[in-house]
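Here is the structure we will look at.
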Amino acid sequence: MYRLTVRDHVMIAHSLPDPFFGPAQGLHGATLVVEVTWRRRELTQHAVVIDIGEATAILGEVLDGLRYKNLDEHPDFTGVLSTTEAVARYIADQLSTRFDTAPFAGLDVVLREHPDAWAGYSVEFDSADVRG
Ligand SMILES: Nc1nc2c(c(=O)[nH]1)N=C([C@H](O)[C@H](O)COP(=O)(O)OP(=O)(O)OP(=O)(O)O)CN2
């Protein structure tokens, strides 16, 4: 399996309004470092998983929808606890609508909350040995 990872970051504000989260029930900010890995079984005719520039642009486009936003007021997070895990899933879902998933085996999204804690979400696409 081949992999290509790009990284970006996004500053957001949010609250986690459940006693489970203790002080994080209140509004607070976070700078999330976002790593996305595209996976495929066979390389393209150009011997890549995906062009780094294209991957970076797609990720940036998705993160632009979150930058400097208060997720408590973001329509896509209404009624959702915007945990790192949930934001990772959201980013994976948004990414998956922005490229042809057919040649890829999957996508892994990792969000680093701080240097010692991170969470992620992986989506598996149909297996394929397509050379594109
Ligand atoms: N599994 C997750 N746990 C927590 C998340 C999360 O996204 N996924 N988020 C938070 C808070 O948003 C924040 O990042 C940390 O808040 P903090 O109060 O410091 O939480 P800690 O668990 O590290 O410490 P406490 O002892 O609970 O205060 C929290 N958890």
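Each reported figure results from applying straightforward, stated rules to the coordinates on display, with no laboratory input. These numbers were taken from a predicted model, which means no experiment stands behind them. Glycine gets a Cβ as well: all are built from the backbone with ideal geometry, and neighbour counts include every protein chain shown.
Relative contact order, whole percent, for region 1-56 stands at 45, derived from Cα pairs under 8 Å and 6 or more residues apart.
How big is Rg to Rh over the chain, alpha-carbon atoms, Rh as the Kirkwood inverse-mean-distance radius? The partial results should precede the final answer.
On the way: Rg = 15.9 Å, Rh = 15.5 Å.
Rg divided by Rh gives 1.02.
Would you be so kind as to identify which of 21, 32, 45 lies farthest towards the positive end of the dipole of region 1-101, taking Lys and Arg as +1 and Asp and Glu as -1 on Cβ and the Cα centre as origin? Projecting each Cα onto the dipole axis, the largest value belongs to 45.
Rounded to whole Å, give me the distance from the Cα center of region 19-54 to that of region 81-115. After rounding, the separation between the Cα centres reads 6 Å.
Counting only Cβ charges, +1 for Lys and Arg and -1 for Asp and Glu, the dipole size of the chain around its Cα centre is about 260 debye. May I ask you to derive the FRET efficiency for residue 98 and residue 122 from their Cβ-Cβ distance with R0 = 22 Å, giving the value to the nearest 0.05? Calculated transfer efficiency: 0.80. As a rough footprinting exposure proxy, the listed residues 82, 96 were ranked by other beta carbons within 10 Å of their own, and the order from fewest upward is 96, 82. Once the Cβ-Cβ distance of residue 72 and residue 43 is raised to the sixth power relative to R0 = 35 Å, the FRET efficiency obtained is 0.25. Would any residue of region 77-95 have its amide N under 18 Å from a label point 7 Å out along Cα→Cβ of residue 21? List them or say none. Backbone N within reach: 77-91.
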